[in-house]
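What follows is a single structure, written as structure tokens, with notes after it.
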Amino acid sequence: MGRIDKFTFGLLVVSVALNIALALKLQGMKMELRRDQNLAEGTVIDGLEVASSGRRVQLQFKSPGKSTVVYIFSPACPWCGVNRDRLVTLAKAQKANFNFVGISLTTDGLDAYLKTNPFPFEVYTGLRNSDILKYHFGTTPQTIVIGPDGRVVKSWLGAYIGPTQDEVAAFFGSSTLSLPR
């Protein structure tokens, strides 16, 4: 009986070790997948077809002047809720330097969400599936800075917390932007 207990205990230890190793491997795969999903700097976005007030419009990013910050979100996304106040702070602080637009990946609950959580910029819907796939827009929240030449200058996936918050603040100039932690 003592041998079986030792054997069972040994199997348990091996099982736990394998589970930890697999969890670490999975974490690494998730981080690699996340990097692959992020829009690469230098990617050209000529324009995006979206919906506004029930009609299709073309957002153009190639134009002289300011860069554009595109915020991809979903009303039901909890991390988008974490970003909301920080994004509003960012948009107000940087409106002289950047154009801001929001794109919701869904219309489900959007009107109610915007009534209680308004943004100080236009919000669009109706991205074409081909653009969602081409530019990896399926993960929310996603913040993309597109230069006047239509090229992605910077892109962040996820909420403005931890290192992402620090990167966003550094990019936009921490002296003019104070993101609440």
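The values are calculated or read from the model by the stated rules, or taken from the named source; none is laboratory data. Please read these numbers as outputs of a predicted model, since none were measured by experiment. Please note: Cβ atoms are built from the backbone with ideal geometry, for glycine as well, and neighbour counts cover all protein chains shown.
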Enumeration of residues in segment 72-106 that are over 20 Å from residue 173 (Cα atoms) and in contact (Cβ under 8 Å) with a residue 60 or more places away in the chain: 72, 73, 74, 77, 79, 80, 82
Subset of segment 40-72 [within 17 Å of residue 127 (Cα to Cα) and among the acidic types (Asp, Glu)]: 46, 49
Hey, residue 68 exposed (fewer than 14 other Cβ atoms within 10 Å of the Cβ), of a type in the set (Ser, Thr, Tyr) and not in a helix (DSSP H, G or I) or not: no
Filter result (exposed (fewer than 11 other Cβ atoms within 10 Å of the Cβ) and touching a Ser or Thr at 6+ places or on another chain (Cβ under 8 Å)) within segment 106-121: none
Any pair with Cβ under 7 angstrom, 6 or more apart, that starts in segment 108-121 at a residue that is under 12 Å from residue 88 (Cβ atoms) and ends at one that is charged (D, E, K, R): 117/84; 120/92
Unmet requirement for residue 86, which otherwise passes all of (1) of a type outside the set (S, T, N, Q); (2) closer than 18 Å to residue 47 by Cα; (3) at pLDDT below 95: (2)
Residue count for segment 122-157, restricted to those that are crowded, with 20+ Cβ neighbours inside 10 Å, part of a loop (DSSP other than H, G, I, E, B) and touching a helix residue (DSSP H, G or I) at 6+ places or on another chain (Cβ under 6 Å): 2
